[in-house]
Amino acid sequence: MLMSMSLGDFFLQISSAVGGLAMVIVLFRDHVPRPLRDLFQNYYGKLARLVYPYVQITFPEYTGDWRKKSDLYSHIQSYLSGKATTNAKKLKADSLRDAKSLLLSMDDNEEVTDEFQGAKIWWYSKMNVPRNTSLSIYPASEERRFYRLTFHKRHRDLITGAYIQHVMDVGKATAVSNRRRKLYTNNLSQDWHGYKSTKWSHVIFEHPATFDTLAMEPEKKQEITSDLKKFAQGKEYYAKIGKAWKRGYLLHGPPGTGKSTMIAAIANLMNYDVYDLELTTVKDNSELRKLLIDTSSKSIIVIEDIDCSLDLTGQRKEAKKKKKDDDGDENESDLVKRAKKEEEDKKESSKVTLSGLLNFIDGIWSACGQERIIIFTTNFLDKLDPALIRRGRMDKHIEMSYCSFQAFKVLAKNYLELESHHLFDEIEVMLKETNITPADVAENLMPKSSKETPETCLRSLIKAIKEAKEEAEKKKKAEEEEEETKKKKAKEEEEERAKKKAGEEEEKTKDTAKSITKDVVKENGKMEEAVQEEVSQAK
């Protein structure tokens with residue numbers, strides 16, 4: 001009982017002392033002039049540095065003018081999740097790529113210890129919410145996180161040298177092993193401002209496509225994968241020849257031939273993030289450069305349907321202008337409304353130019369980052385400006401064509417787990433005679449119910465190929481008939497023009513003959529008058 005009372009008295013005295021100290025601090029802050037407080041804090045800081053034997057290094061989460069997440073902070077986060085969280089009491093959990101295991105990291109305001117070559121290190125994860133009551137275009141309250149590293153000053157050289165590099169190396173390796181690929185899309189520029197605002201939004205990229213499941217001839221797949229692997233190993237080579245470490249791929253072919261699936265297969269092979277760039281939301285070339293700067297290395301920048309993304313040649317504007325010139329029957333109010341709409345469209349429309357896009361691909365700004373692949377897709381190759389797709393910008397042109405028999409075998413294995421079947425020979429002959437896209441083939445091979453068997457799916461495909469062949473023949477026949485009709489019409493028009501010309505020539509000949517006849521008659525009349533005059537004179 002006596003011991004309990006003594007312990008209670010002890011805590012009472014401690015609380016009284018702390019309360020008194022707090023009161024002294026408040027009085028000091030409120031009543032001591034600011035110059036004296038600054039002088040006291042200056043000398044107190046010097047005294048503390050003399051007595052306090054530890055050094056602290058702070059690593060903020062966001063740094064730099066672009067407010068990008070610090071790579072060093074990310075590496076430290078990965079390092080602590082893999083090495084130093086064994087003795088942490090508060091942890092944050094996130095799922096890994098297979099969604100079956102957890103990735104643990106330090107929670108906010110938690111401390112863990114680490115050791116390196118006999119030196120003891122303390123890591124502290126801190127989150128601050130600054131108080132800001134002023135009006136601003138930025139959020140009034142934003143979370144700011146950082147890691148604080150504490151160590152004894154006698155280990156300064158060891159920690160700032162070998163240990164920091166050790167943390168970077170282990171953190172990078174851990175990040176690679178735990179990495180989940182992401183699919184990004186660019187945000188509207190009005191959403192870029194504010195602390196921690198980003199130019200790109202992302203989701204986890206989980207597309208399962210690989211080159212093994214890609215419907216394409218094996219030789220062509222081997223050629224593409226070899227090119228990609230050579231590029232991934234070419235850091236020193238690109239530096240030696242003085243080129244930015246990037247490569248351009250142009251995927252062209254009819255709709256449904258697997259261009260988007262090819263992009264997913266490339267991302268999975270290279271383990272790259274994908275940036276799906278929507279050019280129509282980019283206001284000008286300056287915004288395009290900022291988006292490029294904000295992409296990471298080891299990434300694929302994709303512009304799908306490049307021929308439809310922007311009016312890069314001015315043809316669309318000319319067509320609109322011609323249409324407006326043809327519409328001459330509008331009243332004044334319609335013209336005013338049209339003018340207002342044109343002004344609004346002008347303000348909202350993208351001003352990205354062909355030269356800006358070319359500079360984005362292989363100009364000076366394209367070197368802001370390493371190990372990037374730029375991919376354009378198009379259904380109409382002939383619509384693109386030659387300067388946009390020349391070699392050196394789009395280094396490799398890949399034609400995504402109709403389904404061949406080799407591609408069909410890949411799809412049959414994917415969808416039906418078949419490597420051979422007695423209907424394969426018939427399908428091989430039909431595919432040589434008919435153009436059908438891999439998407440159509442895949443749709444017919446996919447079982448629609450539990451009652452469908454591989455053979456029923458193959459017969460469904462055969463039926464679809466026959467229908468496609470009949471449709472192609474009808475289309476070809478219609479085109480031939482249309483061509484024949486055009487030729488017949490042209491021939492009739494030519495005959496009509498020739499007939500008209502012959503009639504005009506005949507009329508002209510008749511008029512000439514009449515004129516000559518008149519002249520002859522007139523001349524004969526003059527001769528008769530002359531003869532009569534001579535006769536009368538002779539008499």
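The values are calculated or read from the model by the stated rules, or taken from the named source; none is laboratory data. It should be emphasised that the depicted structure is a prediction, and the values quoted were computed from it without experimental measurement. No Cβ is skipped: glycine too gets one built from the backbone with ideal geometry, and neighbour counts run over all protein chains shown. Accessible surface is based on the protein model in full, side chains and every heavy atom, while ligands, DNA and RNA are left aside. Shrake-Rupley method; radii C 1.70, N 1.55, O 1.52, S 1.80 Å.
Tabulated results
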| quantity | calculated |
| --- | --- |
| Hey, residue 504 open to solvent by less than 100 Å² (accessible area, probe 1.4 Å), of a type in the set (Asp, Glu) and assigned to a helix (DSSP H, G or I) or not | no |
| Qualifying position, being within 23 Å of the chain's Cα centre (by Cα) and within 21 Å of residue 369 (Cβ to Cβ), among 232, 239 | 232 |
| Filter pass, residue 373 being modelled with pLDDT of 80 or more, open to solvent by less than 60 Å² (accessible area, probe 1.4 Å), touching a Lys or Arg at 6+ places or on another chain (Cβ under 9 Å) and under 30 Å from residue 235 (Cα atoms) | yes |
| Strands (runs of 3 or more DSSP E) within the range 177-272 that include 1 or more residues free of Cβ contacts under 8 Å to residues at least 24 places away in the same chain and open to solvent by 50 Å² or more (accessible area, probe 1.4 Å) | 200-204 |
| Residue match in the range 360-367 (condition: crowded, with 18+ Cβ neighbours inside 10 Å and touching a Phe, Trp or Tyr at 6+ places or on another chain (Cβ under 7 Å)) | yes |
| Of all residues making up the range 161-198, the number that are modelled with pLDDT of 85 or more, more than 30 Å from residue 284 (Cβ to Cβ), out of contact with any helix residue (DSSP H, G or I) (no Cβ under 6 Å at 6 or more places or on another chain) and not charged (D, E, K, R) | 6 |
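One line per residue, one yes/no per condition, for (1) free of Cβ contacts under 8 Å to residues at least 12 places away in the same chain; (2) farther than 19 Å from residue 436 by Cα; (3) of a type in the set (Val, Ile, Thr):
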position: 452; (1), (2), (3): yes, yes, no
position: 458; (1), (2), (3): no, no, no
position: 461; (1), (2), (3): no, no, no
position: 475; (1), (2), (3): yes, no, no
